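Asker: Take this structure first; my questions come after.
The values are calculated or read from the model by the stated rules, or taken from the named source; none is laboratory data. Just so it is clear, the structure is predicted and the values come from calculations on it, not from any experiment. Cβ coordinates were reconstructed from backbone atoms using ideal geometry, including for glycine residues, and neighbour counts include every protein chain displayed. Each accessible area value is taken on the protein alone, full model and side chains, heavy atoms only, with ligands, DNA and RNA left out. Shrake-Rupley method; radii C 1.70, N 1.55, O 1.52, S 1.80 Å.
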Amino acid sequence: MQRSINRADPGTGHVVVIGGGIAGLAAAHRLLGTGLRVTVLEATERLGGKLMTGEIAGTQVDLGAESMLARRPEGVGLAREVGLGDRLQPPATVTASVWTRDALRPMPKGHVMGVPGDPAVLTGLLTPEGLARIAQERELTPTPVGDDVAVGAYVADRLGREVVDRLVEPLLGGVYAGDAYRISMRAAVPQLFEAAREGGSLLDAVLRIQERATARQQTGPVFQGIEGGIGTLPRAVADAVRAGGGEILTATPVLGLTRTAEGWDVRTDTRVINADGIVLAAPAWSASTLLAAECPAASAELAGVEYASMALVTMAFRRSDVAATTALDGRSGFLVPPVDGRTIKASTFSSHKWNWVADAAPDLFVLRTSVGRYGEEDHIHREDGEIVDVSLRDLVEATGLAAKPVDTEVTRWIGGLPQYPVGHLSRVARIRDEVAKLPALRVCGAVYDGVGIPACIASAHRAADEIAADITGRPAEEIIATSTLVKGTRSEAGQ
């Protein structure tokens, strides 16, 4: 095995980032902005993690995540920093539906992750009995949330199971592919958790959240996509990392980490790389293995993180073949409550939702379905043709779509989404406390602070800033203030 001899020049630290998903790439980009030397090691042959583009009927589309929250600055800020600012594009329509009780029903407005401030907004979605149950909530004795509570359990206790089963569950499932009755409210819907901790009615808590949002006067789109696909973002960040002098190695799994007198040895199958610092941007199971020797307590905590698997089925139809399917008109897609017993959990009408998809393929109609939830993953192990067929059957029942696709693509994300059960943030705090005892090693990614793109980037920036402070001895605030990346982002944001 070859030992790397290209240790950092005197005064210039060398950081190895393990993991080439958006978190690892964002950390590398941030570190380069502080003047450190960076090497990114990715185990697979592809960068980007859950962000990936591909082709359907000759048209480029997203085969992973397709949008990012725009009300947080990290995702759009990074896109602008790496030259994608002029390609940011909000959805053309966000008029979604819920397919429940054998009908496509309009997605209600005026709720926080499915929890309403006014029961009237759920008229048509819930039964009269379900609406009446919600209306009784202010008469109930307040329910304490304690240190954490499951979203579904708490909301069902306050408003009844119907609002959870018909709206909260499919909305949370679209983000986590999880079970609302297990998912931590503190981790998944923190603004609702904090409002509920104030006590009193849950309906009133939602109204307070909405009033605060109005007071902030947030404008602009809630979500942003990127022309050509969100999957172009990691490629652009990787290009920026290389242009900044960073090294990126794919198909290079890390086999072990060892502390040394001078820092860290990072062992791959071909060599040992010397590093002054480590950013571990890998999934929980991989991070657990790599930390087993040097940080067994954090390793054990990471080993306990569960994941959900899912599959995305992307289909292209001749636009002329779907013209008569009026149920598709004007909609961006629909969600499916698990309680209805369907196979698909959602469908996105990409040609409606994204102008860039429609413009790139004007003669096609592109849509996609998602299959698989936590604990319900049998379908994703079927043959591609079976997954397509079952998706088409559900689409026929939901929309009347009778056309046959001209092309299909099944993308499986095995172990794709970490689950956030009650107590998850306490687990994350314990992991970080243990890891912080190691010299110049930090963790980041979807496991820790949220599965969305901005949350992953924020965790990457936190890890990078702390590593830079450890290595240089300069306060993190000073490093952030002088970072070329942050200067650029602030300039863009001020425009």
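Asker: Filter the GluC sites (Glu not before Pro) in the stretch 334-412 down to the DSSP loop ones having no more than 15 other Cβ atoms within 10 Å, then list what survives.
Answerer: Within the stretch 334-412, the qualifying GluC sites (Glu not before Pro) (loop, at most 15 other Cβ atoms within 10 Å) are 383.
Asker: Of all trypsin sites (Lys or Arg not before Pro) in the stretch 101-152, which ones are in loop regions per DSSP and have a Cβ with at most 15 other Cβ atoms within 10 Å? Can you show the working numbers first?
Answerer: Working: sites: 101, 109, 133, 138; in loops: 101, 109.
Listed in order of number, the matching sites are 101, 109.
Asker: Pick out, in residue order, every one of the trypsin sites (Lys or Arg not before Pro) in the stretch 229-273 that is DSSP loop and has at most 12 other C-beta atoms within 10 Å; say none if there are none. Let's see the in-between values first.
Answerer: Working: sites: 235, 242, 259, 267, 271; in loops: none.
Those that pass, being in a loop and sparsely packed, number zero.
Asker: R0 = 51 Å: FRET efficiency of residue 109 with residue 86, Cβ-based, nearest 0.05? Please report the intermediate quantities before stating the final value.
Answerer: Numbers: r = 31 Å, r/R0 = 0.60.
The computed FRET efficiency comes out at 0.95.
Asker: OK, next. Can you tell me the accessible area per residue over the chain, all protein chains present, probe 1.4 angstrom, in square angstrom? Walk me through the numbers on the way to the answer.
Answerer: Numbers: 20180 Å² over 495 residues.
Per residue, the chain has 41 Å² of solvent-accessible surface.
Asker: Same structure, new question: Got a sec? What order do 147, 389 fall in by accessible area at 1.4 Å, biggest, i.e. largest, first? If you can, show how the numbers build up before the last one.
Answerer: Numbers: 147 130, 389 80 Å².
My answer, sorted largest first, is 147, 389.
Asker: Roughly speaking, what is the stretch gain from residue 197 to residue 140, that is 0.36 nm per residue apart minus the C-alpha to C-alpha distance, in nm to one decimal?
Answerer: Values: separation 57, 0.36 × 57 = 20.52 nm, distance 1.56 nm.
Taking 0.36 nm per residue and subtracting the Cα distance, the gain is 19.0 nm.
Asker: Something else now. Identify, among 251, 293, 177, the residue whose Cα sits farthest towards the positive end of the charge dipole of the stretch 172-313, taking +1 on the Cβ of Lys and Arg and -1 on the Cβ of Asp and Glu, with the dipole about the Cα centre.
Answerer: 177
Asker: OK, next. What's the FRET efficiency of residue 320 with residue 407 using the Cβ-Cβ distance as r and R₀ = 22 Å, to the nearest 0.05?
Answerer: Details: r = 15 Å, r/R0 = 0.70.
That pair, residue 320 with residue 407, gives E of 0.90.
Asker: Note down the magnitude of the dipole of the chain about its Cα centre, charges +1 on Lys and Arg C-beta and -1 on Asp and Glu C-beta and zero elsewhere, to the nearest 20 debye. Working shown, then result.
Answerer: Working: 50 positive and 60 negative charges, 134 e Å.
In total the dipole reaches around 640 debye.
Asker: Right, next: Starting from the 7 Å offset along Cα-to-Cβ, what nm value, one decimal, do you get for the label separation of residue 222 and residue 436?
Answerer: Taking the two extended label points, one gets 3.4 nm.
Asker: Using only alpha carbon pairs under 8 Å that are at least six residues apart, calculate the relative contact order of the stretch 327-419 and give it in whole percent. It would help to have the intermediate numbers written out before the result.
Answerer: On the way: 92 pairs, mean separation 20.3, N = 93.
Relative contact order of the stretch 327-419: 22 percent.
Asker: Take the solvent-accessible surface of the protein heavy atoms, probe 1.4 Å, and return the percent of it on the stretch 199-305 that carbon and sulfur atoms account for.
Answerer: Working: 2360 of 4580 Å².
The computed percentage sits at 52.
Asker: In terms of modelled amide H atoms, which long-range or inter-chain residues lie less than 5 Å from the amide H of residue 416?
Answerer: Those qualifying (amide H under 5 Å, at least 5 residues apart or on another chain) are 308, 309, 310.
Asker: Moving to a separate point now. So, with a 1.4 angstrom probe, what is the percent of accessible area on the stretch 382-453 that is carbon and sulfur? Spell out each step's value before the answer.
Answerer: Numbers: 1450 of 2950 Å².
In the stretch 382-453, the share of accessible area belonging to carbon and sulfur is 49 percent.
Asker: Go ahead and estimate [θ] at 222 nm for the chain from helices alone: -39,500 (n - 2.57) per DSSP H run with n ≥ 4, summed, over the residue count, rounded to 500.
Answerer: Numbers: 20 runs with 184 residues, N = 495.
After summing the helix terms and dividing by the residues of the chain, the value is -10500 deg cm²/dmol.
Asker: Mean projection of the alpha-carbon convex hull of the chain over all orientations, in nm²?
Answerer: Numbers: hull surface 93.4 nm².
Approximately 23.3 nm², given one-decimal rounding.
Asker: Also, quick follow-up: For a quick check: with amide H placed at 1.01 Å from N, whose amide H comes under 5 Å from residue 96's, ignoring anything fewer than 5 positions away on the same chain?
Answerer: Distant-sequence amide H within range of residue 96: 107, 332.
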